[in-house]
Amino acid sequence: MLRVHHDELPPLPVTHGNLLDFPADPLACMRKLQQQHGSVAALSQDGAKLYFVFGPELNHQVLSDSQTFHSRFFAIRGSKNSAQRRLTSGLLSMNGEEHKRHRRMVMDAFLKKAIQGYLPAIRLHTEQMLADWQSGKERDISRDMTEFMLRLTSSILFGMDNPDLAYRIGRMIDHWVHLNHELGMGAFISSPEISGRYSELLEFAAELETQIGELIQQRRTTTGGPDVLSMILQAHDEQGSVGPDQLLGQAALIFAAAHLTTAHSLAWTLFLIAQHPSQMAPLHAELRANLSGGFPTLEAAERLPVMERIIKESMRVLPASSYSQRITTQPVQLGPFQLPCAAGVIFSQFITHHLPELYPDPEAFQPERWESLNPSPYAYLPFGAGPRMCIGGPLAMLILKTVVPTILQRFKLTSVPYSEVSGKVISTMLSPTCPIQMRIDPQDGTFEAKPVVGNIHTLVTLTESERRMRRAA
Ligand code: HEM
């Protein structure tokens, strides 16, 4: 009979350290854990553990089993009858049957037919943004894209008839998300100074609720055009329509999920193109051949293979959504670990997209790799995967595939020499942490990469010497 002694079992892939290392610098912490342990690891402090999965196989287990692995997006739900609780009652924080039902009801607003109706808003806001761009001037592309997405998301979500009100609410949601992030972090690191701002959050949530509530009232009588809120208001199933609390929550959380993720994807894509002139040349030829200078139609946007490969590669190498969290609802085996109920589990798009066994030379920006690559949905997951996959993915792709070509047909973007470009994961998103300064010139089909400084060099290979160093390592 085979006898197994406990001391013969391989040690569990656990790093003993400080749990605060994770929120302090999620990418550095996850990279270290993955390098040390491979596809599954735990960070442990005084018996408390946070678990991590880093490859397609375990991404699949965690993301496809939404019964065992629940989503827990907001750290601060507020008390039962608070505005904070109602505002956080959207898809991102729902689970089980409630999540399934609401996802079905919200989905209509994100199907191809509905998305087509948002094209005029995308076009209008693109034109308004570009009207301010002057050749020969420098611009902060990150700021431009954030402002553009604030306005566009407000219009798509709340309608075009009252853009000022929609925009004001959009800004308020943005501020509310920031407060949630800061306070969530405060709770994580037990900082009394930060968690003392709890009452500020609750007050702000109440004010935001009033504003969104007024807009919902208006929408009950007049539609603002093809907007998400009007469509959710019309949605019904056999159990009735979306209740008032969930309506608030859906509006707030869809806004929160949409605007910065798409803004950062736009900014990173424009930056990466500018740093890779060899990619810009075929893109320029494709845009000239297919678009004749104007804003693309839906059909034209879908027939730009070079653009598509560039966007895919940009979202692989610098994924705006870099990780997400789940929480177990029952004990479960995860790799070598027997997880208890209520264990926190992290999966990471960034780490998965940078695994050399999936993507050779992973830090290199190589759109041409997509000519032959067809990874599984759990190996390439900028929009997540499984039953909670992003419902706004097709809309985000449409925005990227129309806005980037419109900008690049008109303007040549060149990084300002020796400007800083840095990124950090803030509230699960890989966000630029300083302005992305670019010089704007009329598009003339000549392109040049300029040297930049900053931690961007730790995320993506930008120069030949970096490439040589990474290959040698
Ligand atoms: C490039 C832009 C975007 C990226 C990278 C992105 C990424 C993601 C990811 C990774 C998830 C899954 C999170 C998880 O599994 O924990 C997600 C969920 C979600 N996204 Fe997006 N997203 C983007 C744009 C949008 C847009 C434009 C909208 C809506 C207008 C949107 C609405 C949502 C919603 C409502 C969910 C929750 C789905 C659910 O829980 O069932 N996202 N997104």
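Laboratory data are not the source of any read-out in this text; all were calculated from the coordinates shown. In this text, all values refer to a predicted model and were calculated from it rather than measured experimentally. As a convention, Cβ positions derive from the backbone with ideal geometry for all residues, glycine included, and neighbour counts pool all protein chains shown.
Table for the structure above
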| quantity | calculated |
| --- | --- |
| Anchor Lys49: lysines whose Cα lies under 18 Å away (excluding residues fewer than 8 positions away in-chain) | Lys32 |
| log10 of Debye I(q)/I(0), alpha-carbon scatterers only, for segment 339-461 at 0.11, 0.14, 0.19, 0.23 Å⁻¹ | -0.54, -0.88, -1.47, -1.49 |
| Chymotrypsin sites (Phe, Trp or Tyr not before Pro) restricted to DSSP loop in segment 410-465 with at most 12 other C-beta within 10 Å | Tyr418 |
| Counted charge near Asp140, where neighbours are those whose Cβ lies closer than 14 Å (Asp, Glu -1; Lys, Arg +1) | -1 |
| Estimated [θ] at 222 nm from DSSP helical runs (n ≥ 4, -39500 (n - 2.57)) normalised by residues in the chain, nearest 500 | -15500 deg cm²/dmol |
| Magnitude of the charge dipole, the chain, Cβ model with Lys/Arg +1 and Asp/Glu -1, debye to 20 | 380 debye |
| When segment 412-473 is reduced to its Cα atoms, the Kirkwood hydrodynamic radius in Å | 13.2 Å |
| Whole-Hz ³J(HN,Hα) from phi, Karplus 6.51 cos²θ - 1.76 cosθ + 1.60, for segment 47-61, glycine and proline x | x, 7, 10, 10, 9, 9, 10, 10, x, x, 4, 7, 4, 4, 4 |
| Taking all pairs of distinct alpha-carbon atoms in the chain, Kirkwood radius in angstrom | 23.5 Å |
| Formal net charge of residues neighbouring Asp245 (Cβ-Cβ distance under 15 Å; K, R +1; D, E -1) | +3 |
| Reference-scaled alpha-carbon Rg (2.2 N^0.38 Å with N residues) for segment 37-169 | 1.47 |
| Within segment 386-469, GluC sites (Glu not before Pro) in DSSP loop having at most 13 other beta-carbon neighbours inside 10 Å | Glu448 |
| Neighbour net charge for Lys80 - beta-carbon separation under 12 angstrom, K R +1, D E -1 | +2 |
| Segment 21-61 and segment 300-368: distance between their alpha carbon centers, rounded to Å | 13 Å |
| Radius of gyration, Dmax [segment 273-366; alpha carbons; angstrom] | 19.6, 59 |
| Backbone HN-Hα couplings from phi across segment 417-424 [Karplus 6.51/-1.76/1.60, Hz, Gly and Pro as x] | x, 6, 6, 8, 10, 9, x, 8 |
| Beta bridge orientation in segment 1-82: antiparallel %, DSSP, nearest 5 | 65 percent |
| Rounded to whole Hz, the Karplus (6.51, -1.76, 1.60) HN-Hα couplings of segment 368-385, x for glycine and proline | 5, 5, 7, 5, 10, 8, 9, x, 6, x, 9, 9, 10, 9, x, 9, x, 7 |
